[in-house]
1. Roughly what would the spin-label model give for Asp485 and Ala21, points 7 Å off Cα along C-beta, in nm?
2. Starting from the amide H of Tyr258, placed 1.01 Å from N in the peptide plane, find each other amide H under 5 Å away whose residue is 5 or more places distant or on another chain.
3. Apply the Karplus curve 6.51 cos²θ - 1.76 cosθ + 1.60, θ = phi - 60°, to the phi angles in segment 354-362 and return the couplings in whole Hz, x for Gly and Pro.
4. Taking 7 Å along the Cα-to-C-beta vector as the label spot, tell me the Glu216-Glu347 distance in nanometres, rounded to one decimal.
5. Do any chymotrypsin sites (Phe, Trp or Tyr not before Pro) in segment 33-139 lie in a loop, going by DSSP, with at most 16 other beta-carbon atoms within 10 Å of their beta carbon, and if so which?
6. What net charge do the residues around Ile375 carry, taking every other residue with its C-beta under 14 Å from that of Ile375, with Lys and Arg at +1 and Asp and Glu at -1?
7. Give me a comma-separated list of calculated 3J(HN,Hα) values for segment 374-385, in order, Karplus coefficients 6.51, -1.76, 1.60 applied at θ = phi - 60°, integers in Hz, x for any Gly or Pro.
8. Calculated FRET efficiency, Asn425 and Glu365, Cβ-Cβ r, R0 25 Å, to nearest 0.05?
Amino acid sequence: MCSIKKLDVYLLKNFLGLFAATFFICIFILLMQFVWLHVKDLVGKGVEVPVLAEFFVYAVASVIPLALPLAILLASLISFGNLGEKFELTAMKAAGISLFRIMQPLAIALVFLSVGAFFFSNNVLPKSQAKLWALIFSLRQKSPELDIPVGEFYDGISGCNVYVRHKNTRTGMLYDLMIYDFSEGFQNATVIVADSGKIQITKDKKHLMLTLYDGESFENIKQSQQRATGTQKNIPYRRESFNRKQLLKDFDSELSRYDESILQDQHVSKNVKGLVHSIDSVNQMAHEKSRMQSDKLLRDRYFGRELKPERELIAVPKADRKDFDVDSIYAKMTFDRKKRVGTIMEERVRAQRDQIEYNTLLLDEHQRYIRKHEIELHRKFTLAFACLIFFFIGAPLGAIIRKGGLGAPVVISVVMFIIYYIIDNTGYKMAREAIWPCWAGMWLSSFALLPIGIFLTYKAATDSGLFNPEVWVKAFNNAVIKVQDLWTKLKKR
C-alpha cells in the first residue's frame with residue numbers, strides 16, 4: 001500500500017510539473033493571438049504601462065478556457081509518453097498494476113481541476129470579461145498619440161487635416177505647414193498656410209495649442225453671408241496675413257474609462273444564476289408578446305376584414321344568414337371597379353405582410369438574446385467536461401505511442417486541438433444561427449470526442465498496437481489472404 005501511495009505521488013509530481021509548463025506556454029501563445037487581434041487599439045495611442053498591465057491581466061483570464069484543455073492534453077501526452085519511452089509503464093504493468101489504476105490519481109486530480117475550471121468560468125470569467133471589454137471600448141475611443149508625419153496629411157486632430165513638409169525632431173518645430181480646418185463644416189472650411197509652427201498639448205491634456213508663424217489664412221464666408229442676409233455676396237472668402245497666430249483645438253489625450261455597468265446585461269458578464277434568470281425573464285416576455293400579437297391579429301383583422309365574436313354569429317338565426325358568392329359578385333363588377341378592388345386588396349395584404357414581418361423581427365430579437373445566454377450557459381459546463389475528455393485522450397495516446405518530449409506529443413496535441421476547435425466552432429455557429437438547439441451545438445465537440453477517448457482508453461488498457469506499423473501490415477495481409485480465399489471458392493462454384 002505504501003508503494004502504491006509513493007507511485008501516486010510520483011505520477012502526480014510528474015504530471016503537475018508538465019501541466020504547469022504547458023499551461024503557461026499555451027497561455028502565452030493564445031495571449032499573443034488575442035493581442036494581435038486588438039493591436040490597433042493599443043499601438044500609437046500612448047497607453048500607459050499600468051493600463052497595458054491591466055489589459056494583459058484581463059486578456060490572460062479570457063484565454064484560459066482555451067488554454068486549459070490544450071495544456072491538459074499536451075501534459076498527459078508527454079507524461080504517459082515519457083513513462084512508456086522509459087519502460088516505466090511496462091514495469092508497472094508487470095508488477096500487476098493496471099492502466100486504470102495508474103491513471104486513477106491523475107483522473108481524481110483532473111476532476112478537482114475541472115470543478116475549479118467551472119467555478120472560474122462561473123465566478124471569475126464574467127467579471128474579467130466585463131472589465132476587459134469596457135477597457136477595450138475605452139481604448140478605441142482614446143485619441144491617438146500626437147505624432148505628425150512628414151509629407152502626408154495627418155487627420156488625428158478632430159476637425160483638421162495637417163500637412164508638414166519638414167520637421168525638426170530635436171526642437172519639435174514644423175516647417176511649411178498647411179492646415180485644413182473644417183470644424184465648422186466643409187462649406188465653411190478655413191485653409192491656413194504658414195512657414196513654420198509648433199503644436200503643443202496643454203497642461204490639462206484636454207487641448208492642443210497650435211502656434212503658427214508668418215502665414216496666411218483663407219476663410220470661406222460665402223455660406224455664412226447667405227444665411228445671415230439671404231443675398232449673394234461678391235466676396236467669397238476672407239484673407240488674413242499674420243506674423244504669429246495661435247489656435248486652440250480640442251484634443252483629449254487622457255483615457256476616458258467606460259463604466260462596466262454598460263455590459264451588465266450582456267451574456268459575457270453573467271454567471272449561471274444570472275444567465276438562467278435572464279433566459280426565464282426574456283422567455284416570458286417573448287411568450288407574452290407573441291400571444292398579444294396573435295390576439296391582435298385575430299381580433300382586429302384577417303386580411304383586412306373585421307372578425308365578429310362567435311356569440312354574435314350564433315345570435316343571428318340560420319335562416320336569416322346569407323351566403324355570398326364572391327366570384328359571382330366580382331364577375332358582375334365593371335373593369336374600373338375590379339381594378340380598384342384589386343388595388344385596395346393588394347395594399348391591405350402588403351400592410352398585413354409588413355405587420356407580420358415587423359412582429360417577427362421583434363420576436364427574433366428576443367430569441368437572439370435567449371440564444372446568446374443559452375450558449376454562454378452551456379459553455380460554462382463544456383469547459384469543465386472538455387478537461388476530462390482531453391485527459392482520457394492524451395493519457396492513452398501517450399501510453400500507446402510511447403514517445404515523450406516535445407516532438408510527437410506536440411504534433412498530436414495540435415492536431416487534436418484543431419479538430420476539437422473546428423467541431424466546437426461549427427456547433428457554436430449552428431446554435432447561434434438557430435439551426436440546431438443550443439445544447440446540441442455547444443455539446444457537439446464533447447459528443448464527438450468522448451467516443452474517441454473511450455476507444456483510446458480501451459486500446460491502451462488492452463495493450464493494442466494501434467500505432468504499430470507491423471500490426472497494420474499484418475492485418476492488411478490477413479485481409480488480402482481472406483479475399484483471395486473467398487475468390488478461389490467463388491471460382492470453383
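Each reported figure results from applying straightforward, stated rules to the coordinates on display, with no laboratory input. Keep in mind the model is a prediction, meaning the values are calculated, not measured. Methodologically, a virtual Cβ is constructed for each residue, glycine included, from the backbone with ideal geometry; neighbour enumeration extends over all protein chains shown.
1. My value for the distance between the label points is 5.0 nm.
2. Ser138
3. Each residue of segment 354-362 in turn: 4, 5, 5, 5, 5, 4, 5, 5, 5 Hz.
4. The answer from the label model is 6.2 nm.
5. Working: sites: Phe34, Trp36, Phe55, Phe56, Tyr58, Phe80, Phe87, Phe100, Phe112, Phe118, Phe119, Phe120, Trp133, Phe137; in loops: Phe87.
The qualifying sites are Phe87.
6. On the way: positive: Lys270, Arg368, Arg371, Lys372, Arg379, Lys380, Lys429, Arg432; negative: Glu374, Glu376, Asp424, Glu433.
Charge balance in the 14 Å sphere: +4.
7. 5, 4, 5, 5, 5, 4, 5, 8, 5, 4, 5, 5
8. Details: r = 24 Å, r/R0 = 0.98.
With R0 = 25 Å, the Cβ-Cβ based efficiency is 0.55.
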